[in-house]
Structure formats: C-alpha cells, structure tokens
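Let me begin by presenting the structure, written as structure tokens, before commenting on it.
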Number of protein chains: 4
Amino acid sequence: MTKLNIGILGATGAVGQKFIRLLQNHPWFTIKALGASERSAGKPYREAANWIESIPMPGSVAELKVRNCESAEFDDVDFVFSGLDSSVATEIEADFAKAGIPVISNAKNYRTDPTVPLLVPEVNPDHIDLIKSQTFTADGSGWIVTNPNCVVVPLVTTLKPLHDAYGIEAVILTSMQAISGAGYPGVASLDILGNVIPLIGGEESKIHTEPHKLLGTMTDSGIDFADFPIQATATRVPVENGHMLSVTVGLKTKADASEVENAMKEWQSPISELGLPSAPSFPIHVHRDARYPQPRLHADSENGMQTAVGRIRNANVLDITYVAMAHNTVRGAAGGAILNAELLVEKGYLKGE
Amino acid sequence: MTKLNIGILGATGAVGQKFIRLLQNHPWFTIKALGASERSAGKPYREAANWIESIPMPGSVAELKVRNCESAEFDDVDFVFSGLDSSVATEIEADFAKAGIPVISNAKNYRTDPTVPLLVPEVNPDHIDLIKSQTFTADGSGWIVTNPNCVVVPLVTTLKPLHDAYGIEAVILTSMQAISGAGYPGVASLDILGNVIPLIGGEESKIHTEPHKLLGTMTDSGIDFADFPIQATATRVPVENGHMLSVTVGLKTKADASEVENAMKEWQSPISELGLPSAPSFPIHVHRDARYPQPRLHADSENGMQTAVGRIRNANVLDITYVAMAHNTVRGAAGGAILNAELLVEKGYLKGE
Amino acid sequence: MTKLNIGILGATGAVGQKFIRLLQNHPWFTIKALGASERSAGKPYREAANWIESIPMPGSVAELKVRNCESAEFDDVDFVFSGLDSSVATEIEADFAKAGIPVISNAKNYRTDPTVPLLVPEVNPDHIDLIKSQTFTADGSGWIVTNPNCVVVPLVTTLKPLHDAYGIEAVILTSMQAISGAGYPGVASLDILGNVIPLIGGEESKIHTEPHKLLGTMTDSGIDFADFPIQATATRVPVENGHMLSVTVGLKTKADASEVENAMKEWQSPISELGLPSAPSFPIHVHRDARYPQPRLHADSENGMQTAVGRIRNANVLDITYVAMAHNTVRGAAGGAILNAELLVEKGYLKGE
Amino acid sequence: MTKLNIGILGATGAVGQKFIRLLQNHPWFTIKALGASERSAGKPYREAANWIESIPMPGSVAELKVRNCESAEFDDVDFVFSGLDSSVATEIEADFAKAGIPVISNAKNYRTDPTVPLLVPEVNPDHIDLIKSQTFTADGSGWIVTNPNCVVVPLVTTLKPLHDAYGIEAVILTSMQAISGAGYPGVASLDILGNVIPLIGGEESKIHTEPHKLLGTMTDSGIDFADFPIQATATRVPVENGHMLSVTVGLKTKADASEVENAMKEWQSPISELGLPSAPSFPIHVHRDARYPQPRLHADSENGMQTAVGRIRNANVLDITYVAMAHNTVRGAAGGAILNAELLVEKGYLKGE
C-alpha cells in the first residue's frame, strides 16, 4: 500500500502536536505539510512550536517549514487533519474542501452541518455517506468530516449498546475533565491546583446536542436524530489526561445492571473486522474493580483509544448509573480524527494520487 | 454565662483535632478532657497526637493527659463530642449516655436509631425533642445526638428550601470529595495525585438514606421520613477541603431556575434569631459568577460553616440542576457537631452542673 | 491618629489584589485610589478586576473607579503602594516620586538604585535614610522605597543573625517556589501539575545580588555592600503559597548547628519595640520537628509575615545547612511593602496632610 | 540463548510490582517464582497483590502461587531479584545466598558490606569482581549484588564523567523527590498535596556515603573509596515519578560549564558496546532548553533508564552547578537491578542450569 501524504492544520497547537505524536510512525499516513498561523509560517517547525508533548519532537517534522493555512500551499497532500481553533476553522476548512482537499477535522465548526458526518467509527460508520451530499466541489473531491467533543466520545460509545438494545429515554451526567482539554496554556495553575471548577464554557451545549446526531439514523434525506433529553454539568479537575463521566440513564425497555453490563461487554463494534491501525481491540472495557476506571491508570489503555467503564449499578432514579472515562486528547480529539481517516481510507473516500 | 466543660472522644484523630481547633476560643465551651485509644491514654496530648492542623497545637490542650474513652474517666465534663471511629463508637457512646453524659457525635453509628436526632440546626431543629424518647438513663440525663454525613449536609441544606416550597420528587447527584474526608493518613498520595477515584466505600448508602430522616416530619411517634429517591455517585478528587456536589432535582410543584434561586436566597433559617456562636450569618450563599463555588476559594467562607451554591439552571431531565459545596470537616463534621451542641444549650438540653 | 490615604498602582494584578486584601482593615491606612492600565481606567474596580483572592472583594473597593496610573490623578493620597509590572514601573514610579507622592514599591526596577532603600524592616531599617539622597523632588517630598524579591526575604531574614554573629562567607541555595509567585494567569497548569520546573526566568540574578545590599552597611556615601558569593537554583513546584529554601552557608567565624540555632532564636529584631501593625511577633520561628516547616502548614503563620526555619544541621560542605520558608505574596511582596510603609510612618517619613 | 528463570522477593510491594512490569517481556529472564510475606504465601498473585501499576497485571504472573521468601521454595530459579523491605532483607537475602541462589537486590542492607558490589553498570562495572570475595557459599555459587539509593543513581551517573576528567572536591545537593519513592501506601495525600516536605527519613545518610563506594577504585583488597564531602537535603514534592536534583560541585581541576557539558556529552559508558537489553542508548542526556529536564516530561525517557541533565552553569560558590533527574523506581530501583543482572549475565556470573 502506498502511504498517503497528509497535512496538519493548526500544527503548533496542543491538538496539532498530538496529531504529530500519534502519526509519527503511522503505517498509512506520512506527514508532509504543517500549517499554522501567519506568525509561524515560514519558520521550521522546531522554532515555531512550543513543544509540550512528553516525547522529543520527532525529527521528521522538526525541520519542516511551517506553511500558511491556505489550500494553495497544500497541493502536495492527499488530505489534511485539522486541529484549528474554532475562531478560524470555518473559513479555512471550507477553503481546503473547496480546493478538493478533504478535511478530517477536530474543530466544532461543521459538526452541526447536516451534510457533514459527525463520526465515531464504532458508533455510526454509515454516516460517512453524508459526504456525498456535500457541495464544496462539483466533483465531490473536497469534503469535511468531524469528530465530536471529547466528553461526547465516551458518552456515545457507552450509550450506543444501550440505545441499540433498550432505547435511551434520558441521560444525566457530570463530567470531571482533565486540564489538557483546555489546550495550552489553557487553565491557570492558580485556578485548578487542589481545586474543582464547576464550569467549562461552551462544553455543556455540545454534550446536550452532539449525541443526538451520532446516535441518529442515516436516511436518504440525511440523519434522523435520536430524541432524548440530556442534562450535563461539566467540571474541571486537576488531572492531566482523561475525562471521567458519572452517567445516569433512563431506558425505554427496562433492563438491570447485569443486563446492561452484558450489553456493553457483548457489543460488537461494526468496524472490528476492518483492522484499522488505530482501532482499539476493545472499544469498551468494563472494569469489575469498583475503584476503576481512573484517569491516571487507564487513560492510556490501548494507546489512549479505549473507553473504560465501571460501577454499572441499578439506579434509584432513572434506571442505570455508571462511570466512563476516555483519553480526551487522544480518543476524544486527535486519535479519534485519525481513526476517522483510517475508516475513510478503508471505505475508499480517501486515497493517494 | 458559665462555660460548660466538655470532653472530646477520639481526640487524636483528624476529626478530634478539628474539634480542638474549632473549640480553642469557644465562648461557651472549655476543653476539659481528651479521650483516645489505650495506646494514647496516659500520655500528654502533645505526645499522643500526630498534629496535622495548619495552626500550632493550642497550648491549652498540649499538656492535657489523654484519658481512656470510658465514662468513669469523664465525670468532670458536662458533655462530650465524639469523633470516634465507627468501629468503636457504638459501645463507647452508649457507655457515656448510660452514665448520664450527653454525647454529641459525628460518628455514623446512631444516625439511623429512631430515637436519636440526626441534626442540622438550620434544617430540622425540632428533631431534638426525639431526645426525650431515649432510654439510656432513667432520668433522661444521658443521650446521643448525631450530625449527618459530610455530603449530606450541603445536600439537605440546599434541598430544604425546595422541599418546603415545592416538594422534592427525585435527586441525582455526583460528589467530588476532598481528601480530608478520609481522615489521616487516609488516601494514599499515589492513588489521588492528578487522579479521580470513582468510589468512596460506604458513602453512597448514607447519601441515599440520611436526607429522608433529616427532611422528615417530627410526630408524636417519631420522625415521619421524607419519601423520594436519591441516586448518588461519590468520587474522590485531589482537593484538600470542601466537597463539591453536582445535583439535579425533580420537584413536585414545578418551578424554574429563577424561582428556585429566589427560594434559596429568601429562605429563612429557623435558628437565625438565636445568635449561636458557630452559626453562619447566611447558611446558604448563592453565587452569581458561574465559575463559583470552588472548594479552594469558598470552603472557608463564614469560618467553614456556609454552604455555597452556584449554577442554578433549568434541567433537561428532572427540573433543576445546580452545584453545591461545603467544608467537609468543618460544616460537614466537627463544626456541625459544635453547632448542634450550641442549639442544645440554647434549648436547655445541655447545661453546666 | 489620623489615617493616611493611600493609592495602589497595578491594583488589578495579583500583587495589587493582595495589597487590597491585606489593607482592608488596616488601622493606619485607608484605600482611597486604585490605579491600573488604560484598559481598566474608568471602570469600577468590581468590573475591572478578575478577583482571585479567596475572600470576597471588600465592598469598600468594589465601587471605586479605577484611575490611570498618572500622578495627576492621585493628588488626594498621601502615598502609593506599587504592584506595577516591571515593564512599566520605571516611568510611572518616577512620575509619582517627582510629583511628590512617595512610592512604596514591590517592583524590581529601583531596587538597585544606589539612592533607593531595598528594605526589610527587621534586617536593615537604618537604610531608610537613603531616602534623603533621592532627587526626584527639590523638597524631598517624593521618593521611592522598595522591598526585595520574594526568595530574598526569607534568605536575608535568616542570614542576618548569622551575618551579625559570625559573618557570611558563602551561600548555596535551591528554592522550591510556589505558583502564586508568577502572578495570574502565571504558570500553566499543564506545565506544573505533578511536576517540577527547574527554571524561573530572571529569579536567580536577583537572589545573587539583592542580599548584598540588604546586608550592607549604611555609610555617609551610601550602602557599603556585603561581600560574599551566593549560588542559587530557583525551581517551581506545585504549591499554592510559600517559597521553600534549602540553604547551605559558610561562616567566617565557625559555629555549629546548635550555636546557629540559638543565634536565630535569640536574635532581636530591631523593630520589635515599635509595635508596627503588620510586624510579626517573631520574625523567625525555628521549628524543632524535622518535618517542618511546610508551605501548606506554615505559610500563613503570623498572618503570612513570619519566616519559618527548620532542620538546622552541621554541613559536610561549607558549615551550616537549613531550610527556610515564607509566604511569597505576603511577606515576600505586598505584606512586606506594607510593613515598609509602617516603618516609614513610625520614622516620620510618611505622614498625612 | 536459553532464558534464565528468575524469582522476585517482595513481589507484592511497589518495587516488586515494578520488577514484574519491567520483566514482563524480557528477552533473557522469565518470571518463575514470586515470594512475599506469610500473609500472601499460598495465594495466587492476583489475590495477594494490590496491583498499583498503570498497566493491567500481566497474565503470566496473575495465577502464580505466591511463595514464602525461603530459599528452599526457590530451587527452580537461577537467581532472584529482591525488592524486600529493609526490615527483613538482611536475613532473607543471606538465606538465599547461602543456598547458592544469587540475589540481585534493591534493598539497602548489604550496600555497605565491603564484599558486596554496589553497582551502576555505567559507573563501576568492574566492581562486580568483589563477588569473588563473598563467602556465603564454599563454591561461590551464592552471592549478593546491590544497586544504590534512587537519588544516588542520577548523582553518581553525572558525577562520574567529572570525577574521571577533573576530580570531585565537594558536592552540595538538594533533591526534590517523587512520592513513588516512598512505596505504597507511602506518603499520605494530606501531607503532600500542594506541599513540600523538607525531610525524607534515612535518605540523606545514603546520599552522603554511597557515592564514595560507587566512585571508588577496585583494588586487590577491595574498594578504595572516593573521598570528598557531600552535603544533601532531601525533600518530597507532589510528583509521581522522577527525582529532581539540584547539584553544585567543586572540582579538583578547574573547568568551566562548557567543558563540563562536553565532558558529560562525550562521556563513553563502559558498557555501551555490550548491547544489554535494558541499557539506555544514552545513559546521560544533556538538555539545552533551560526549562528541562522535568520529571513529568522526561522521567520515562529511554524507558525510564536515562539520567537527564540540564542547566549546567558556572557556580559562584564551588565550581559548577546543574540539575539532574532520573526515574526513581525504574532507573533508581527495579530497572537498575535488572540492568545489573544483565551485566552479570554478560560477564558470566549469572547463567542458567
């Protein structure tokens, strides 16, 4: 197989750096181009980035000259990953799509666009056919696919088996989110050291809405959204990586904790046979030890791509309660986007020249 | 007013030390006697205790000789505070009550006893008359009063105005609890540094049941319990002091967030006129800044005796959602017990010889 | 005594907020005016400041209209405290001094000026007479006094008794500094959570030089600097308040650990008789428990104005080694400046109109 | 090559678990036997251990039945690693050595024995010939080799090139040590969260003495110790893994910072040609970024086996100052012991039956 040449937009930011780290030895993708703001453009990446990952900057990118995030400068790549800030993603991503360069984006800007797949490969792989309804280019060569908010990933991954088996009636959750979710410099240490902040601006509205699209049904006229209320409180805790969720769920068809646990354990990922390089062997792991999962112990499980579940119990209010946790900047951001790209290669949407 | 002489049982533990700190300049109570396990008995307190409070050990207790926790050794006190471990509290507290020495206890052992008040002065002050039904002594001189679990205190304090105004139908909550709640040495740093532990053993069952007694109605035949389901998930976070709660409530009579906020703000504490030394001027403070409350900023408000509330919103599931926070070892433990004692003095249950 | 009216320059920053907190009930000083950057000027302080102190913003300042940091706008104050950033302090402080408004500054800009006292009242109170050599105004009505770097305060406070008794030959130290020393937002949580950063930009050069002026001798021609080498490594640790120092000292006249401990304990502060409101009863406290001092337990001792010392031992290299700790934003910044002002009132340099 | 069968003594403790983790896929060694205290003996390891590593317990050990730490129960292994507590290591390790089972120990008990190598392969590989002077068995089949204290490892690794090139005259250091160094449960979170503790019991005496043996010269009559004074202050900081050292060194032959940096960079490890499986490619890495090394970013470099150095500067007192950091439970404990065993295999001291 010929490797695809890829670009990374927003390459100097926290998500961009995570893309670089995760792609450094990727079997299918080669980093060919890095894009960042005007301030960085023209400099070698080594100089432009304040590298914050805990591994040394890969030598293969250190000397790459950073480009402006303009499609004209990226004609040598097969597609781009976007870790762009939402303040600039709308225009830049459209520019690339219109130029025939597919965009696999972590930004929120196009998630609610009815023609743009909001994709978690294990949850709604069939949604990728929405791509055909996109009109960025006449020949369909340019398009956008997005991955959801970092809390939504473990949420829908654990709701999916229940939605399929019993139907979801209502969800209440409280998230305890890691600082890496705020990017860099992000949360001031004076604000979070030994503390909990009960607000993450803009987070709850995404949690309230994105699951409905992800769990929706693909129809000829687009996604038929799932329809159940979600109530979220998003808090920040002094944890480096791994968002923890405390979730309580009402089910349409009643089921008890052991049935729900079995539903999660026996659930078959629709992509498990594809052998995608970044796909976890087990997208969901149900812990039996009631002290688990914990972000520091389990965020890196299966290279940060697994959602961990624990404490599945019958609830006194609604039906079932459990905790779930996933790595917010891997599974919930860059790693999720890479898995999206792998599915799109497998399905023939992405290919080399 | 003559000051009452008091004893502290479990004086070397974390709760016992907090009693000493809070009582060091108390206008009504003088620390006369300290009781601890056999290992400590006979030693000066200075030697017996591994002092962990952030103020120097008060000189007035440093040289007190630690006594065994036997009533016969405490005949010079008017009553005792108990910070005993639950593994020994049942027998020791009964021994004191039978000897005619009232016990104001922070232990959980007698909280569910139908004759023992489970007391938060602002919530259910009338429950103290349960004391009359206790049979430890023939003359009623010895009895036990308890304060609730440290999560239950901010929970019932904020539910009380809603219960009175609208009726509670259901409650779902997730707690993010401080490490000081586990005593000393308590939580290992390797377990909690940069981490969240989604289990606190034994905690949730207390949260599920104690509010029903606290919000119950005093009748001739005892407490008529409140009746609504509660679903709690108790987690530990790397915070020193202050338990944070994310609470979602269903109401019997519907009300929106602004009505609920007003109900909390306008709620009149039934003990506000009594001028008890440890009573906060405002038992509930409603923060308007959506980033608040935060344990590190607000746990010490009103000397650690205030419950802070924030983010009151209409909920997509059930009716209302908010966050609440209180100092777990002050308001939720030693300080709460001291306020209980003050109410009992005011109401004539506790007096000097 | 008539209270003096004071202004605070840089009032919205972290140091400015600490000034406000510490001055809220000051017996001698009344906050009359708050100055900040153009962006804040004209707004009520309540709106201009992102309040980060753990007490509510004092009502007395909340509605004060923030002024530009220009002397013309401060003609109603007797003097100003400066918490200005060093990038602007040189010009603004000179402007005030030239206008006849004394400046008690926490900024570093004038610390090395030979006519400006670098002052720790317990260490070098006689240095205040340097003021007379300042030429900002013809009549001597405007002048500047500074306090040292936050590490230097506990360093010189503990070196002073040794310098007097034995003479200092050399000093090696490593500091472990709290995050509050970097202001707000200051250190990114992603950088410091569960980590140590072995560099604090610009810090070591101040530690290498300021002690020589502070321990210098006042002569007719200015300060005759102390002369011994200092080698410092400044590191950042995840602590909220309190800089910890590990210090090893060579002495000119040899002395052992017990002699040094006695020298510190018996040392008489030259200002102890003055009864200055912010002066600690004991500027140095020598802990006997080898686990002490600790920033979380002892930074607030004597309202944050005490330097704590521990583990005084004979050293295998040089002569004596010990640890010292003081609250960096109180004793090491705003509180130190306030004590400087109190000394200057007492000595007649500062007075009301 | 036939793999050697090994046992682990103290297998349920923190060091024992690290041995298991590091050995799980070792090319030369197979875990055959696990020993622990009587309380654990007879149980499957899965039940006996409170597993605290952040990877799942390897399946290969989960069902191994834990044995008593008696040599008679270990006759099926070629040698043992010891992670025993020092309170029991003296007798148990002697028992194994006398039974002809070599002991590669992390315990401190035999480090000062003149016949026992205190070994860091890159520093003093020739010291292994001390084994020949051991008298545990008549035929030399049983013996003990130890690795040093976890602070001493990065200290001697960085001193070695300087000792060779210039001679060491004196060393002053302050360590900032991770909580994992205290084992499990180890440091109470209430003691260390947001804090620094300026004492680690028993640590400094090891730092003061072990380097002299490690940097000593092998002679016919044993080790001729290096002779220079060391002064250490050992502190605990809220870091999970990685001990940071701030070191100042006096040199016999003067050299400046750039010469010292070159000496470290050009230093050739005497075992670099051996290709030992756990040996880092670069035992010392000199960081040029003055913010580095940092424990959270660099403790895992080269699988936790590399010592990182930074901030090499000329010192105002003594000659040279720098910071150094290494993973305390890998390079400084279990990983160091495994590397010792690998060297001993290579040199023919350890072999299969």
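General observations
- Extreme residue, farthest from the other protein chains (Cβ to nearest Cβ), among residues of the stretch D:313-350 that are over 18 Å from D:E122 (Cβ atoms), out of contact with any helix residue (DSSP H, G or I) (no Cβ under 7 Å at 6 or more places or on another chain) and not charged (D, E, K, R): D:G348
- Set A:P125, A:P211, A:P161, A:P198: member being in the same structural domain as A:A99 (by TED's automatic domain parsing) and either crowded, with 24+ Cβ neighbours inside 10 Å or in contact (Cβ under 8 Å) with a residue 12 or more places away in the chain (or both): A:P125
- When the criteria are applied in full, C:D227 meets the requirement of being surrounded by fewer than 19 Cβ atoms within 10 Å (Cβ to Cβ), touching a helix residue (DSSP H, G or I) at 6+ places or on another chain (Cβ under 8 Å) and away from chain A (no Cβ under 14 Å).
- Residue selection: B:D220 satisfies the criterion of being out of contact with any His (no Cβ under 8 Å at 6 or more places or on another chain) and either aromatic (F, W, Y) or farther than 30 Å from C:S180 by Cα (or both).
- Matching residues in the stretch D:137-168 - criterion: being hydrophobic (A, V, I, L, M, F, W, C) and under 21 Å from the mean Cα position of the chain (by Cα): D:W143, D:I144, D:V145, D:C150, D:V151, D:V152, D:V153, D:L155, D:V156, D:L159, D:L162
- In the stretch A:169-182 there is at least one residue matching the filter, namely being more than 22 Å from B:M244 (Cα to Cα) and hydrophobic (A, V, I, L, M, F, W, C).
- Out of B:S71, B:S133, B:S82, B:S105, sole residue that is within 23 Å of B:W28 (Cβ to Cβ), more than 16 Å from the chain's Cα centre (by Cα) and assigned by TED's automatic domain parsing to the domain that holds B:W28: B:S71
- Any chance A:G181 is within 14 Å of another protein chain (Cβ to nearest Cβ), touching a Lys or Arg at 6+ places or on another chain (Cβ under 9 Å) and either in a strand (DSSP E or B) or crowded, with 20+ Cβ neighbours inside 10 Å (or both): yes
- Top-ranked residue in the stretch C:155-177 [being among the hydrophobic types (A, V, I, L, M, F, W, C) and farther than 21 Å from D:G310 by Cα; ranked as farthest from the other protein chains (Cβ to nearest Cβ)]: C:A165
- Residue check, C:R39 under 21 Å from B:Y292 (Cα atoms), free of Cβ contacts under 8 Å to residues at least 60 places away in the same chain and either in contact with a strand residue (DSSP E or B) (Cβ under 8 Å, 6 or more places away or on another chain) or in the same structural domain as C:A107 (by TED's automatic domain parsing) (or both): no
- Residues of the stretch C:187-236 classified as in a helix (DSSP H, G or I) and either of a type in the set (G, A, S) or within 22 Å of the chain's Cα centre (by Cα) (or both), total: 13
- Close contacts from the stretch C:287-312, counting a first residue that is more than 9 Å from every other protein chain (Cβ to nearest Cβ) and a second that is among the acidic types (D, E), with Cβ to Cβ under 8 Å and a gap of 6+ residues or different chains, come to C:I312/C:E261.
- Evaluated against (1) modelled with pLDDT of 95 or more; (2) farther than 14 Å from A:V247 by Cα; (3) surrounded by fewer than 20 Cβ atoms within 10 Å (Cβ to Cβ); (4) touching a strand residue (DSSP E or B) at 6+ places or on another chain (Cβ under 9 Å), A:Y292 falls short on exactly one condition, (3).
- Test for B:I55: is it within 14 Å of chain C (Cβ to nearest Cβ), touching a helix residue (DSSP H, G or I) at 6+ places or on another chain (Cβ under 9 Å) and β-branched (V, I, T): yes
The values are calculated or read from the model by the stated rules, or taken from the named source; none is laboratory data. Since this is a predicted model, take the numbers as computed values, not measurements. For neighbour counting, all protein chains shown are included, and Cβ atoms are generated from backbone atoms with ideal geometry for every residue, glycine included.
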